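Chemist: A single structure is presented below for examination.
The values are calculated or read from the model by the stated rules, or taken from the named source; none is laboratory data. None of the values given here were measured: they were computed from a predicted structure. When we count neighbours, we look across all protein chains shown, and the Cβ atoms used for this are built from the backbone with ideal geometry, even at glycine. Side chains are part of the model used for accessible areas, which takes the heavy atoms of the whole protein and leaves out ligands, DNA and RNA. Shrake-Rupley method; radii C 1.70, N 1.55, O 1.52, S 1.80 Å.
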Amino acid sequence: MDISMLEEMCELIKKMRRDAEALKAKGKGIMAVEKAVDRILANVNLLEINVCDVKEVL
Amino acid sequence: MPKDQRIYWNPLLETLPREKLRALQTKKFRRILDWAYSNSPFYRNFYKEAGLEPGDIKTFEDIRKVPKMEKGMMREVQQKDPFPYGDMIAVPIEKVTAFRQTSGTTGTPVYQACTWDDWEWWAETWCYILYAQGYRESDRVFLPFGYNIFVAFWAAHYGAERLGCEVIPGGALNTEARILRMKDLKCTAFMATPTYILGMAETAKNKLGLDPARDLDIAMITSAGEPGGCIPATKKRMEEAWGAKVYDHIGLTEVGSWSYECTEQPGGQHVLEAYFLVEIEDLETGEIIEKPGRNGKMIITSFDRLAKPSIRFDTKDVIRWAEYDCPCGRTFRLIDGGIVGRADDITKVKGVLLAPTAIEAVVRSIPELGPEFEVIVSKKGELDDILLRVEIMPGKEGEEQSILSHLKDQLRVRTNLGYRVEVHPYGSLPRYEVKAKRFKDIRKKET
């Protein structure tokens, strides 16, 4: 894969984490929000493992 | 609709050049070591006592400086807080969302804590396995599994769902009902232990009058939980009985789903090296074996498991690197023939080292013998005695003498040992669903 494409993907993943964490902070105290974000973040974690980790060793 | 022909679940990791993969492994090892040191009191004390700090690990070779941990430590630590896992866990207890435990085959069960991150990770590792074995969104997958306290096929279920398959949980059904559901729903794949895969075929034929190879639509089977899927004779029996391809998978509750066959089946299993580090240690010298072809004990690290990290876990499983590559194009290394044995299973009988898997390989290679057998090692006076109990397939009883003679010859060739063989009526030896206990060494109990 093109390295610039990989970098773009990683930027989007970072943004997803930032946005999800911001949403969790904004919704603090609303369990429905906090737990839904936890599940989103578990998948962001997998994107980091599957994509961002690779970028760092190329 | 034609089946998705893509090869890789994640080409970014699965085709990463070897030197990059090694760099990735070093980076991930350092990350999990740092995580465990910072968050798990057990690991922090363990490494402090060994005079090790995470910053000491700079290169791939440095990883060997990290002390190994064993299952006994996991059991001991369970006596401590927080209940019931002990201080090996590296997350606040309220973050744990799933409890599982080992089967207890080798002693007191070890409890496993998973956060939601861990559980998604388990499912993801199964996606790598199932995609490599040909599972696609168009598959309808049956899980003939008890959905109990053991992790077993729970993660496989979630992995298949994550991949996009249609998953049917065959939990509280008996074997006949499971087979009938698989038939009625035209399932294309299922997953079970080798023992149960053979047992289901037997039940289909003898109790339901069905020939699984002809009357069902199963094209792929994933076998796990026992070494049978790595034993060519056992695999052949399963494939013939079901008219399907059988792919092996090897996992460990304490570690994760770390190895699998792909559709190319070159004779070995890939190690999911982007998620796990497998090291092979010489049984006598303790040296790490890099070259293919030499048996040693597997030391494994799970890179991404956070609630209960597994770092340099001494599994006691005996494996060897394969001398061949896989045409599938994955750069993940292969182990040759799966788990060759267990360091604590390989036992000396009559002065000869005996691996129970060698007996299975012989029995299952003789089609006139039934799928089940039992081995009992005992003392007759001062001498070791090996009793092998087998069944002869229906209709072959008249050939008993020649079958037994062939069996004894093959056992002598493969294991260098003589056996007393008892023939039992077909269907009378125990049938197992998980973790068959066919090898019983009662010498220690007698003394």
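Chemist: Can you tell me which of B:Lys20, B:Lys80, B:Lys65, B:Lys58 is within 14 Å of another protein chain (Cβ to nearest Cβ) and basic (Lys, Arg)?
Modeler: B:Lys20 is the lone residue from the list that is within 14 Å of another protein chain (Cβ to nearest Cβ) and basic (Lys, Arg).
Chemist: For region B:352-391, which positions are polar (S, T, N, Q) and open to solvent by 20 Å² or more (accessible area, probe 1.4 Å)?
Modeler: B:Thr357, B:Ser365, listed by residue number.
Chemist: Test B:Tyr247 against the criterion of being assigned to a helix (DSSP H, G or I) and at pLDDT 95 or above, and give yes or no.
Modeler: no
Chemist: If you don't mind, there's one more thing I want to ask. Do we find that B:Glu161 is of a type in the set (D, E, K, R) and within 23 Å of the chain's Cα centre (by Cα) in this structure?
Modeler: yes
Chemist: Taking the conditions exactly as written (outside the structural domain of B:Gly228 (by TED's automatic domain parsing), over 29 Å from B:Ala152 (Cβ atoms) and at pLDDT 90 or above), does B:Lys379 satisfy them or not?
Modeler: no
Chemist: Let me ask another. Among (1) in contact (Cβ under 8 Å) with a residue 40 or more places away in the chain; (2) under 27 Å from B:Tyr8 (Cα atoms); (3) open to solvent by 10 Å² or more (accessible area, probe 1.4 Å), which single condition is B:Lys297 missing?
Modeler: (2)
Chemist: Of the residues in region A:34-54, how many are exposed (fewer than 15 other Cβ atoms within 10 Å of the Cβ) and more than 12 Å from the chain's Cα centre (by Cα)?
Modeler: Total satisfying the criteria: 2.
Chemist: Can you name every residue in region B:23-50 that is touching an Asp or Glu at 6+ places or on another chain (Cβ under 8 Å) and either away from chain A (no Cβ under 14 Å) or in contact (Cβ under 8 Å) with a residue 12 or more places away in the chain (or both)?
Modeler: Scanning region B:23-50 gives B:Leu24, B:Gln25, B:Lys28, B:Ile32, B:Tyr37, B:Ser40, B:Pro41, B:Phe42, B:Tyr47.
Chemist: Something else about it: In region B:19-42, which residues are open to solvent by 60 Å² or more (accessible area, probe 1.4 Å) and under 25 Å from the mean Cα position of the chain (by Cα)?
Modeler: The one that is open to solvent by 60 Å² or more (accessible area, probe 1.4 Å) and under 25 Å from the mean Cα position of the chain (by Cα): B:Arg22.
Chemist: Mind listing whichever residues of region B:311-337 are assigned to a loop (DSSP other than H, G, I, E, B) and surrounded by 23 or more Cβ atoms within 10 Å (Cβ to Cβ)?
Modeler: Answer for region B:311-337, where residues must be assigned to a loop (DSSP other than H, G, I, E, B) and surrounded by 23 or more Cβ atoms within 10 Å (Cβ to Cβ): B:Ile311, B:Arg330, B:Phe332.
Chemist: Could you grab the pairs with beta carbons closer than 6 Å, sequence gap of 6+ or different chains, first residue in region B:1-18 and more than 20 Å from A:Glu56 (Cβ to Cβ), second one assigned to a loop (DSSP other than H, G, I, E, B) and open to solvent by 50 Å² or more (accessible area, probe 1.4 Å)?
Modeler: Matching pairs, first to second residue: B:Lys3/B:Ser138.
Chemist: Right, here's the next one. Restricting the search to region B:257-278, which residues are surrounded by 24 or more Cβ atoms within 10 Å (Cβ to Cβ) and either assigned to a strand (DSSP E or B) or of a type in the set (Phe, Trp, Tyr) (or both)?
Modeler: B:Ser257, B:Trp258, B:Ser259, B:Tyr260, B:Gly268, B:Gln269, B:His270, B:Tyr275, B:Phe276
Chemist: In region B:145-197, how many are buried (at least 23 other Cβ atoms within 10 Å of the Cβ) and part of a helix (DSSP H, G or I)?
Modeler: Counting residues in region B:145-197 that are buried (at least 23 other Cβ atoms within 10 Å of the Cβ) and part of a helix (DSSP H, G or I) gives 11.
Chemist: Residues to consider are B:Arg100, B:Arg136; find the one that is in a strand (DSSP E or B), of a type in the set (Lys, Arg), touching a residue at least 24 places away in the same chain (Cβ under 8 Å) and closer than 30 Å to B:Glu176 by Cβ.
Modeler: The conditions single out B:Arg100.
Chemist: If you don't mind, another one. Taking region B:97-120 as the search range and keeping residues that are open to solvent by 40 Å² or more (accessible area, probe 1.4 Å) and either among the small types (Gly, Ala, Ser) or at pLDDT below 90 (or both), which one is farthest from the chain's Cα centre (by Cα)?
Modeler: B:Thr108
Chemist: Okay, moving on. Filter region B:164-223 down to the residues that are touching a residue at least 40 places away in the same chain (Cβ under 8 Å) and β-branched (Val, Ile, Thr), then identify the one that is nearest to B:Ala132 (Cα to Cα).
Modeler: B:Thr222
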